[in-house]
Amino acid sequence: MPIASLFRRNPHREAVDDLYAAIVGRAREPAFFARLGVPDTLDGRFELLSLHSFLVLSRLKAERQASAAFAQDLFDTMFADMDRGLREIGVGDLSVGRQVKRMAQGFYGRVAAYEKGLATDDGSLEEALRRNLYGTAAPAAWQLAAVADYVRRCAAMLGEQPAAALLAGRAAFAPLPTDAQGESGDGR
């Protein structure tokens, strides 16, 4: 490897950071916790981040040749952020690597479950959301249905976005679900 390559700036860095910020911003929307019943815990936040990262990475996967390096940078950014977050909450240096590895394995399991759920209409998406996103919480039927519909709409909306927009760091997610009373979950 030539020495000059060590000093070369990553051409995607800014766009990856922008796209990751968009994912984190959506995953932290208060409506998920307040209206849709996702536990406002470390696990619940990890689940929302994983879900939204899955949606974006799944879209990038459709453009594999143009997006492989970008998608890898996005994945690496996500797990570097998790590493940083674990250290900030006081997880010891010796166990951070193990924890991040466990989180990455969990993420891959969720990817498989969400891909299967989006590919079928047999209730497997709802079951994957109940098991992962909600964990030990018991969402109301309308909450689970609303989130499943939201995930499907996000996948469709991201699928319609040009890959160039994502590679430039921009993602447009579907509007947040409304609650049982019809109040919009996105502050509008």
Given an 8 Å cut-off on Cα distances and at least 6 residues of separation, report the relative contact order of the chain as a percent. 32
The chain, Gaussian network, Cα under 10 Å: of 15, 141, 165, the residue fluctuating most is 141
Where does the charge balance sit around residue 38 when Lys and Arg score +1, Asp and Glu -1, over other residues with C-beta under 12 Å from its C-beta? 0
Using 7 Å Cα-to-Cβ label points, what is the residue 160/residue 102 separation (nm, one decimal)? 4.1
With the calculation restricted to Cα positions, what are the radius of gyration and Dmax of the chain in angstrom? 17.2, 62
Give the calculated FRET efficiency between residue 62 and residue 24 to the nearest 0.05, with a Förster radius of 22 Å applied to their Cβ-Cβ distance. 0.45
Comparing 35, 102, 170 in a Gaussian network model of the chain (Cα, 10 Å), the one with the largest mean-square fluctuation is 102
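Each reported figure results from applying straightforward, stated rules to the coordinates on display, with no laboratory input. Every value quoted in this text rests on a predicted model; they were computed, and no experiment measured them. Note that we place each Cβ from the backbone using ideal geometry, even for glycine, and neighbour counts take in every protein chain shown.
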